[in-house]
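Coordinate-derived values only; no laboratory data. Note that the structure is a prediction, hence the values are computed from the model and not measured. Because the Cβ atoms are built from the backbone with ideal geometry, glycine has one as well, and the counts that use them run over all protein chains shown.
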Amino acid sequence: MKSRINLQNAIPSEVASLILDDGLTPAIAWREYLQLTQEECAQKIGLSQAAYSLLENSDTSRITTRIKLATALGINPEQLDC
C-alpha cells in the first residue's frame with residue numbers, strides 16, 4: 001500500500017526539537033541537523049559566511065530569502081515554514 005503522506009516536505013523530529021525546544025530558527029536547525037557549517041552553506045550560494053549568517057538569523061519571510069536558504073541546505077523552501 002502506498003503512503004498518502006508526502007515526505008518530500010517532511011520535517012524530521014530532530015529539526016522540530018531544535019526549533020521548538022532550543023529556540024533556533026528553522027534555517028539554523030536544519031543546518032545543524034545536516035551537520036553543515038555556515039561557510040559550507042554560504043559557498044553553495046555564493047555568499048560570504050557573514051552574509052549567510054545574516055540570512056540565517058533573520059525573521060524575514062521573503063520568498064527570495066527562503067529560496068536562498070533552502071538551496072544552501074539542499075531542502076525545499078516549504079521545509080523552512082516551521
Three-way shape call for the chain based on the alpha-carbon gyration tensor, with the a/c threshold at 1.5: prolate
Beta carbons within 10 angstrom, averaged per residue: use that to sort the peptides 48-59, 66-77, highest first. 66-77, 48-59
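When a footprinting reagent is the concern and you count Cβ atoms within 10 Å, what order do C41, C82 take, fewest first? Intermediate results must be reported in sequence, preceding the final value.
Details: C41 25, C82 16.
With the sparsest Cβ surroundings first, the list reads C82, C41.
If the only charges are +1 at each Lys and Arg Cβ and -1 at each Asp and Glu Cβ, what is the size of the charge dipole of the chain around the Cα centre, to the nearest 20 debye?
On the way: 7 positive and 10 negative charges, 91 e Å.
The calculation lands at about 440 debye.
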